[in-house]
1. Starting from segment 83-128, pick out the trypsin sites (Lys or Arg not before Pro) whose DSSP state is loop and whose Cβ has at most 15 other Cβ atoms within 10 Å.
2. Could you work out the relative contact order of the chain, using alpha carbon pairs under 8 angstrom and six or more residues apart, expressed as a whole percent?
3. At a 1.4 Å probe radius, carbon and sulfur cover how many percent of the accessible area of segment 1-79?
4. If you roll a 1.4 Å probe over the heavy atoms of the protein chains, what accessible area per residue do you get for segment 51-92, in Å²?
5. In terms of Cα to Cα distance under 29 Å, which lysines are near enough to Lys112, apart from those fewer than 8 places away along the same chain?
6. Given only helices, namely DSSP H runs of n ≥ 4 each adding -39500 (n - 2.57), what is the per-residue ellipticity at 222 nm of the chain, to the nearest 500 deg cm²/dmol?
7. Wrap a convex hull around the Cα atoms of segment 1-103, take a quarter of its surface area, and give that in square nanometres.
8. Please give the length that would be gained between Asp39 and Asp143 if that part of the chain were fully extended, namely 0.36 nm times their separation in residues minus their C-alpha to C-alpha distance (nm, one decimal).
Amino acid sequence: MKETVGFIGLGAMGKRMARNALKGGYPLRVYDIRRQPVDELVANGAQAARNIRDLGSRCNCIVLVLPDTSVVESVLFGQGRLKAALGPGHTLIDCGTTHPIFTQQTAAALRKEEINFLDAPVSGMPLRAETGTLTMMVGGEEDVYKNVHPLLKTMGERIVHMGQSGNGQLAKITNN
């Protein structure tokens with residue numbers, strides 16, 4: 001059986017990406033500040049997390065689909081911090097568009113605690129998220145990338161490892 005994956009951020013892209021991970025056989029635990037997308041995914045077989053820390057304590061791999069750098073920073077390091085629930089071996093995959101320098105700094109800080117951080121921004125509109133045909137540009141450690149590649153394939157059609165942390169975000173900026 002596949003390990004439970006956590007999803008934080010179930011907006012126009014995240015909800016569809018999470019649904020595809022479910023279809024791909026991944027058990028999910030989901031969280032969003034809005035109840036409606038959580039309820040929709042629970043109706044499709046996901047489990048709802050009580051809060052961000054609950055999700056972090058129950059999932060070793062967590063996908064963040066958040067709108068910008070400030071929200072990622074708040075979720076990871078702010079009140080109710082996700083980071084407080086993480087430990088060695090956890091993997092975070094940031095699928096939002098986040099500033100490359102923040103990404104590099106976050107990856108370096110988490111690496112000191114043996115927490116993996118990949119930047120994997122996506123290219124494509126909600127329709128491509130719905131059909132699982134997103135393009136994902138992934139930055140971070142190659143062995144971590146290889147480990148989560150099967151999960152990423154449930155959400156994207158073209159997944160490219162771009163090298164070190166922050167390179168996925170740089171490729172996304174260039175693509176835009």
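1. Lys112
2. 19 percent
3. 47 percent
4. With the other protein chains kept in place, segment 51-92 gives 43 Å² per residue.
5. Correct list for Lys112: Lys2, Lys83, Lys146, Lys153, Lys172.
6. Working: 8 runs with 74 residues, N = 176.
Value at 222 nm, helices only, nearest 500: -12000 deg cm²/dmol.
7. Spelled out: convex hull of the Cα atoms, projected over all directions, averaged, 6.2 nm².
8. Working it through step by step, the gained length comes to 34.0 nm.
The values are calculated or read from the model by the stated rules, or taken from the named source; none is laboratory data. Predicted model only: the values in this text are computed from it and were never measured. Neighbour counts run over all protein chains shown; Cβ positions are idealised from the backbone, glycine included. Note: accessible area is taken over every heavy atom of the protein model, side chains too, but ligands, DNA and RNA are not part of it. Shrake-Rupley method; radii C 1.70, N 1.55, O 1.52, S 1.80 Å.
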